[in-house]
1. Go through the stretch C:249-262 and give me each residue that's open to solvent by 20 Å² or more (accessible area, probe 1.4 Å) and out of contact with any Gly (no Cβ under 9 Å at 6 or more places or on another chain).
2. With respect to B:Asp202, determine if the residue is of a type outside the set (Ser, Thr, Tyr) and either under 28 Å from B:Tyr109 (Cβ atoms) or loosely packed, with under 14 Cβ neighbours inside 10 Å (or both).
3. If I go through the stretch B:185-199 residue by residue, how many of them are part of a helix (DSSP H, G or I) and open to solvent by less than 50 Å² (accessible area, probe 1.4 Å)?
4. Condition test on C:Gln244, is it modelled with pLDDT of 95 or more, farther than 20 Å from C:Gln114 by Cβ and part of a loop (DSSP other than H, G, I, E, B)?
5. Could you check, for the stretch B:316-326, whether at least one of its residues is of a type in the set (A, V, I, L, M, F, W, C) and open to solvent by 50 Å² or more (accessible area, probe 1.4 Å)?
6. Taking the stretch B:91-107 only, how many residues are over 13 Å from B:Arg151 (Cα atoms) and surrounded by 16 or more Cβ atoms within 10 Å (Cβ to Cβ)?
7. What are the pairs with Cβ atoms under 6 angstrom where one residue, in the stretch C:142-160, is within 8 Å of chain A (Cβ to nearest Cβ) and the other, located anywhere, is part of a helix (DSSP H, G or I)? Sequence gap at least six, or different chains.
8. Hey, could you check the stretch A:28-43 for residues that are farther than 14 Å from A:Ser59 by Cα and within 14 Å of chain B (Cβ to nearest Cβ) and say which is surrounded by the most Cβ atoms within 10 Å (Cβ to Cβ)?
Amino acid sequence: MSDADTLEALAKAGIPAPVKPLLTVEKLTRVYGKRIGCADVSFDLWPGEVLAIVGESGSGKTTLLNCISSRLTPTCGTVHYRMRDGVSADIYKMAEAERRYLMRTDWGFVHQNPIDGLRMTVSAGANVGERLMAVGNRHYGNIRGAAIEWLARVEIDEDRVDDQPRTFSGGMRQRLQIARNLVTEPRLVFMDEPTGGLDVSVQARLLDLLRGLVSDLGLAVVVVTHDLAVARLLSDRMIVMKEGRVIEAGLTDRVLDDPRAPYTQLLVSSILQV
Amino acid sequence: MYVAVKGGEAAIANAHRLLAARRRGDADVPGLTLDQIAGQLSLAVDRVMGEGSLYDPELAALAIKQARGDLIEAVFLLRAYRTTLPRFGHSEPVDTGAMLVERRISAVYKDLPGGQLLGPTFDYTHRLLDPELAGDEPLDAPEMAADTGERVIRVSDILGDEGLIEDDPATDASRPVADITRTPMEFPMERDARLQTLARGDEGFLLALAYSTQRGYARSHPFAGEIRIGEVDVEVMIPELGFAVVIGRVKLTECQMVNQFKGSTKAPPQFTRGYGLVFGQAERKAMAMSLCDRALRASELGEDIVAPAQDEEFVLSHCDNVQSTGFVEHLKLPHYVDFQAELDLVRRMRAEHFARTEGDTPADGAAREAAE
Amino acid sequence: MTAPMTETNTQNLASYNFAYLDEQTKRMIRRAILKGIAIPGYQVPFASREMPMPYGWGTGGVQVTAAIIGRDDVLKVIDQGADDTTNAVSIRAFFAKTAGVATTTATPDATIIQTRHRIPETPLHAGQVLVYQVPIPEPLRFLEPRETETRKMHALEEYGLMHVKLYEDIARNGRIATTYAYPVKVEGRYVMDPSPTPKFDNPKMHQSEALQLFGAGREKRIYAVPPHTNVVSLDFEDHPFEIQHFTEPCALCGAEQVYLDEVVLDDKGGRMFVCSDTHHCESRRAEGHRGALLGDEPVVEKEAAI
């Protein structure tokens, strides 16, 4: 993808062009024996930008997401992240402690299934407050206050703060998971099919909420989805994957309105005509 | 006035005297001899030797007598003695292929070199209580085949010659043999340490886990490839001599489970092994051990860990009955200091609860006043 | 194999080494202790031996004591603060028999104090060693059952989960509802389980003059708090750590600011509160302190029935 594309996208989103990308992925490859998970993927992600990775299941998009987010060690290739001090660091060369600290402060990860991203047996308040406590916040009242504030931002009533997520609906759980990730005001959030498994009406509400939060907070997001409507609503840019490789990349509107690769054309025509 | 009650040394000594009397039972009945226990309750002795991990039938018999027949207590006695013994080294791997088999059966071949040898088994007995055993009636002498001294080929070797079953895992000869009595447990655990832990693990615990694998909790499609019971030579390498010498013989039960395996990217389709080896005649234990061993190889073989029997930390941290019994039974010890702290908290929280809900506090206030 | 437990060896324990354990084992345990002292609060794995008493009954503490005890040491053993509880009596008798050392109930006279569930009320002094019996050394165990995971959490100092538990306590109960085995942070680094002592005793661990050693036999871990080490109980700024307070003094010696046991006097709700530290109570009474329920006659000591 060209820088020109990117700059155009940013201009469109009203964001002044930053000097340097937040995340730089180069030639990222992960193989399982002879099978390819993802191969030779490179892209830059700029601060405040939302990138969608789309493809059918088995296309390697989740493998790619896990490799970028340091949850799965790639076979080769690099991932550089620009830390808050402006220095770009290879996330696979960091000490484990530093990487894990990054993951729970400056990054977020929203799982498709909220059970994977929540502690189901502790209260909603503690779920949201955990990251604050992990970084040393030791004032119960402040932690609880922040939790209530974040619950409100994801449209969960204050009086549910002491309830366990077991008692929440699927949509509420997903919103709680999002609040839990955003409480430390990360700069980069990874999302794996964040609306998968939800009813259509619940999906729409969640997407609205996400869109608002992303623009309010200026979040950079890498979102994996098989749902082109999600990509259309959330992302500035998208890459299309097939059999582990990127077959098309560009501004979301351009890719969806004028798909170039035959596979993308097929994908778009099969879904958007509904 | 308050009279302090003390649980002192005299009380303990008294309790132990009573224990000794109860152990002996009716003095008009002759006391058990160790020979009787070792000779007539030999499967109990074998179990105590196995889980006590000390091969000494006489001491095991003594432990059973001292424990009043409580086998876990007997295992404990044997372990506590074993731990005081100096460790001189370890034996060479025993050659179970050269075992003088007393029993050898295979469920995977109808007939095979060396034959099916039933030996002294409960299998096919009808479980009818035998009133004659209440006495001491003379027995018909059993027929015994002459010992030919021939090697009885192991079923796993028959399969292995054809490449149908995985090889025994290659061992790194430069690495010292694990000794779970001398090094703390670490996870993931190597095969030698795992097998040692299972070999001294509680028969009942391993049996239940093995059973769970058969009922679908990590099913491994097992076949009893071979079970053999008999004596093997124990050899120790004497560095000064430069060769190994036989220092004695032990009776062992070996079980090799043969399990289906579809193959992986690294290995062709072939059968896999689950291995059990236990002191004495302990067939149920050896079979359970081999099923558990196979289940615990899940991650090595790239299988999903979905059931308790495959969970290494769960199985290996809880299979030792001396540890389990100690910790469960320690609840008998006084805990009143901690209980006091909890009492205090519960009372305060109840008081607050009632103050919130009804505006007054029943019961607690009254109890506190009465104490004063 | 010979049978050394019959005939010759039943008469005495002379065939066992001094303090039961062989010297090789003691060296191994001492190495673990030294490592523990060098890294305060860090749980050092050690090759715990099978002891002639059940796991969970103090095998860790006994091994630590056995590894450090010398012929000139004076040993005190308490359980629940009392010298005369059965397990304390039993462990004291074990060392009297296997090591032939002098024993005492007087806290100041002891060089080694092995304890279960309490820290003596009398402040410890330099040169003393307090040996704790520990059932579950891992403070994170009930939050995360996996050893592989908890070791990683310690290594990376990821202790957020510990505060999640305390947060839940407050959210549910309005206060931190942990009353014993209350987690502490040692020297600003490792979160440590102080063993199931009531939290009342936590402040005594902080900047103690004595060396504190912790042995967990079944779980095969040793850890240590060297003298003059910071031991801070975890809490929140707006819900600070606090110890239990008793509304009344000891009924026998009148002591305040000590930990009390509740004694049920009858089946009509009658209760009294007495010192859990029996030596402390006795020495106060010997000094003439009197509690409300102490009779005129000296307290009769009755042996418990079997």
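The values are calculated or read from the model by the stated rules, or taken from the named source; none is laboratory data. Quantities reported herein were computed from a predicted structural model and do not represent experimental measurements. Positions of Cβ are generated from backbone atoms using ideal geometry, with glycine treated the same way; all protein chains shown enter the neighbour counts. The protein model used for the area step is the full one, side chains on, heavy atoms only, and it has no ligands, DNA or RNA in it. Shrake-Rupley method; radii C 1.70, N 1.55, O 1.52, S 1.80 Å.
1. C:Glu256, C:Gln257, C:Glu262
2. Against the criterion (of a type outside the set (Ser, Thr, Tyr) and either under 28 Å from B:Tyr109 (Cβ atoms) or loosely packed, with under 14 Cβ neighbours inside 10 Å (or both)), B:Asp202 does not qualify.
3. 7
4. no
5. Narrowing the stretch B:316-326 to residues of a type in the set (A, V, I, L, M, F, W, C): B:316, B:319, B:322.
Next, from what is left, pick out any that are open to solvent by 50 Å² or more (accessible area, probe 1.4 Å): none.
So far as the stretch B:316-326 goes, no, none of its residues is of a type in the set (A, V, I, L, M, F, W, C) and open to solvent by 50 Å² or more (accessible area, probe 1.4 Å).
6. So the answer is 5.
7. Listed pairs, sorted by first residue: C:Leu156/A:Ala97; C:Leu156/A:Arg100; C:Gly160/A:Glu130; C:Gly160/A:Met133; C:Gly160/A:Ala134.
8. In this case the residue turns out to be A:Gly33.
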